[in-house]
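In what follows, a structure is listed as structure tokens, so that the remarks can point back to it.
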Amino acid sequence: MPDLILALDVTEKKKALAIAEACAPHIDAIKVGYPLALAAGLSIAGDLKKTGLPLIADFKVADIPNTNQLICDQVFLAGFSAIICQGFCGMDSVKACVASARTHHGECYVVAEMSHPGGKEFFSGGIAEQIAANAVIAGADGIIAPATRPDRVAVLRGFVGDKKILSPGVGTQGGSVDSIAELVDGIIVGRSIYDAPDPAAAAQSYAAARRRQKR
Ligand code: O7E
């Protein structure tokens, strides 16, 4: 059964914390990206830690190795348990993120292919496959692959073996739990939970949907 990960892209700190607290019993981790971190500061990790859930920093780190390591160190020191980086900057840049994750006993995930329509423009033609293979060689914990294209996730699974695949794009972007749950280790859902009239009920229903799947 894949984890259910809430993408908490809410820019009001009070609202974000209320949604996190209400959804916590139904989810396995919280992903924080630029929208919330820029609005509330990195210290939001300390506030969200009260939920007891792992916190994934989705800063899609994409720089030279030294800068990547400095960014990741700050993220882990703030209390996050995982970092997401881009793979297209090359193996050395990914390795720097992995090294920081190891130093801080955290995890590192590499974006292999993105879920939006434009994600097909530059990640196609074998690039995503190469990024996925590099993520494995670099020692990353897994990759990010699109729930909007289960066929592509199945292909990328062949490159990462038992490494984890976390998959965004379920709900608002058109992906479904039914078509992706058996292929991945984590399903990332944002707007379909935090914009729902009752976010906790929405989280509960996504949790139940992925429970019906075998993996
Ligand atoms: O569409 P939503 O509202 O369910 O949100 C999806 C979240 O996943 C959102 O935070 C977005 O930034 C992120 N995401 C994608 O939607 N597509 C991708 O290809 C990659 C990500 C992402 O999270 O990358 C790192 C995991």
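We did not get these values from a lab; they are worked out from the coordinates using the rules stated. What you see is a predicted model, and the numbers here were worked out from it, not measured in a lab. Using ideal geometry, Cβ is built from the backbone for each residue, glycine included, and neighbour counts are taken over all protein chains shown.
The sole residue among ILE19, ILE5 that is out of contact with any Pro (no Cβ under 7 Å at 6 or more places or on another chain), of a type in the set (Val, Ile, Thr) and either in a strand (DSSP E or B) or buried (at least 19 other Cβ atoms within 10 Å of the Cβ) (or both) is ILE5. Across the range 149-169, the qualifying residues are those that are within 16 Å of ASP28 (Cα to Cα) and among the aliphatic types (A, V, I, L, M), and the one among them that is surrounded by the most Cβ atoms within 10 Å (Cβ to Cβ) is LEU166. All of (1) in contact with a His (Cβ under 9 Å, 6 or more places away or on another chain); (2) closer than 23 Å to ILE127 by Cβ hold for SER81 with one exception: (2). Taking the conditions (1) closer than 14 Å to VAL61 by Cα; (2) buried (at least 24 other Cβ atoms within 10 Å of the Cβ) in turn, PRO146 satisfies each one other than (1). Checked against (1) closer than 28 Å to THR51 by Cβ; (2) buried (at least 22 other Cβ atoms within 10 Å of the Cβ); (3) of a type outside the set (S, T, N, Q), GLY87 passes all but a single condition, namely (1).
What's the total number of residues in the range 27-70 that are touching a residue at least 24 places away in the same chain (Cβ under 8 Å) and either in a loop (DSSP other than H, G, I, E, B) or within 21 Å of GLY87 (Cα to Cα) (or both)? Of the residues in the range 27-70, 25 are touching a residue at least 24 places away in the same chain (Cβ under 8 Å) and either in a loop (DSSP other than H, G, I, E, B) or within 21 Å of GLY87 (Cα to Cα) (or both). Look at (1) within 18 Å of VAL111 (Cα to Cα); (2) free of Cβ contacts under 8 Å to residues at least 60 places away in the same chain and you find that GLU12 fails only one, number (1).
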